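Trainee: Structure incoming, see below.
Derivation of every value follows stated rules applied to the coordinates shown; laboratory data play no part. Because the structure is a prediction, the values reported are computed rather than measured. Every residue, glycine as well, gets a Cβ built from its backbone with ideal geometry; the counts of neighbours run over all protein chains shown.
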Amino acid sequence: MLDDTSRSPVPPEQRPREEYAQLCRSWFFVWPQHGWLQLLRPLLISWLLVLPVTLLVASGSFSLRRVPLLLVAVGALAALLLPLLLLLRQWLGWSYVNRRLLSERIVYEESGWYDGQVWEKPLAWRQQDRLIAQHEVRPVLVRLRQTASAAAAVLLVGSGICQALGRFLLL
């Protein structure tokens, strides 16, 4: 029986399973793959690294300087933007690979000159790719969606609280 990979015109680095393997080897994209702690730790570190910068920028406001609690709250909320951007980038990478794994066709570049080609996946490829998408990639996407939703909710609720505090304390 011939191996389907030997007859594939798709360059090896553009095959969905290889793209998935590249994500798994990436130091950045592997964060959400192994659980909540491995995802939250680097996000917390990125938030802590940006926090002094956002506090410095927020301290430029004369009205915020008068209310240190509000200054810290505004700086902490602004620092959430970097973790949200990191989550967005991870979501884009994982969802791209998920779409490629679930697709019945592979769109690829033969020579790198934007000469897009399309190749229909054999049934065995589709079955293997679907299994990877369902059991490996989908949990990652769920974890990313839940984390991004929680961070966005904290940002929205926190900004509402900051506005209310600002109106109350700066009167």
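Trainee: Pop a pseudo-label 7 angstrom from the Cα along the beta-carbon direction at both residue 135 and residue 27 and give the gap in nm to one decimal.
Mentor: Going by the 7 Å Cα→Cβ label model, 3.1 nm.
Trainee: In debye to the nearest 20, how big a dipole does the chain give about its Cα centre with +1 on each Lys and Arg Cβ and -1 on each Asp and Glu Cβ?
Mentor: I would put it at about 860 debye.
Trainee: With a point put 7 Å past each Cα toward its Cβ, work out how far residue 110 is from residue 88 in nm, to one decimal.
Mentor: The two pseudo-label positions are separated by 3.7 nm.
Trainee: Looking at the range 88-169, which GluC sites (Glu not before Pro) are DSSP coil and have at most 16 other C-beta atoms within 10 Å of their C-beta?
Mentor: Loop-located and lightly packed - 104, 110.
Trainee: With angles folded into 0 to 90 degrees, how steeply does helix 123-132 sit against the dominant principal axis of the chain? Use alpha carbons for both and round to 10.
Mentor: That helix lies at roughly 20 degrees to the long axis.
Trainee: Between residue 120 and residue 56, what length comes free when the chain is fully extended (0.36 nm per residue of separation minus the Cα-Cα distance, one decimal in nm)?
Mentor: Difference between extended and current length: 17.6 nm.
Trainee: Which length gain, in nm to one decimal place, applies between residue 66 and residue 153 when the Cα-Cα distance is subtracted from 0.36 nm times their residue separation?
Mentor: Stretched fully, the residue 66-residue 153 segment lengthens by 28.6 nm.
Trainee: Follow-up. Could you tell me the calculated FRET efficiency between residue 49 and residue 168, based on Cβ-Cβ distance and R0 = 35 angstrom, to the nearest 0.05?
Mentor: 0.65
Trainee: Identify, among 80, 55, 44, the residue whose Cα sits farthest towards the positive end of the charge dipole of the range 39-169, taking +1 on the Cβ of Lys and Arg and -1 on the Cβ of Asp and Glu, with the dipole about the Cα centre.
Mentor: 55
Trainee: Kirkwood Rh over Cα pairs of the chain into Stokes-Einstein at 25 °C, 0.890 mPa s: D in µm²/s?
Mentor: After rounding, the answer is 130 µm²/s.
Trainee: Additional query: Out of the range 8-78, which chymotrypsin sites (Phe, Trp or Tyr not before Pro) are coil in DSSP terms and have no more than 14 other C-beta atoms within 10 Å?
Mentor: Of the chymotrypsin sites (Phe, Trp or Tyr not before Pro), the ones in loops of the range 8-78 whose Cβ has at most 14 other Cβ atoms within 10 Å are 27, 28.
Trainee: Still on this structure: In whole Hz and in residue order, list the ³J(HN,Hα) couplings for the range 66-76 that follow from phi through the Karplus curve 6.51 cos²θ - 1.76 cosθ + 1.60, θ = phi - 60°; x for Gly and Pro.
Mentor: Karplus-based 3J(HN,Hα) across the range 66-76 equals 6, 10, x, 4, 5, 4, 5, 5, 5, x, 5 Hz.
Trainee: Once you keep just the Cα pairs under 8 angstrom separated by 6 or more residues, what percentage relative contact order results for the range 59-171?
Mentor: It rounds to 35 percent for the range 59-171.
Trainee: Could you tell me the center-to-center distance, by alpha carbons, between the range 120-171 and the range 1-63 in angstrom?
Mentor: Value for the Cα centre distance between the two parts: 13 Å.
Trainee: How charged is the neighbourhood of residue 147? Take every other residue with its Cβ under 14 Å from the Cβ of residue 147, and add Lys/Arg as +1 and Asp/Glu as -1.
Mentor: Overall, the nearby charge balance is +4.
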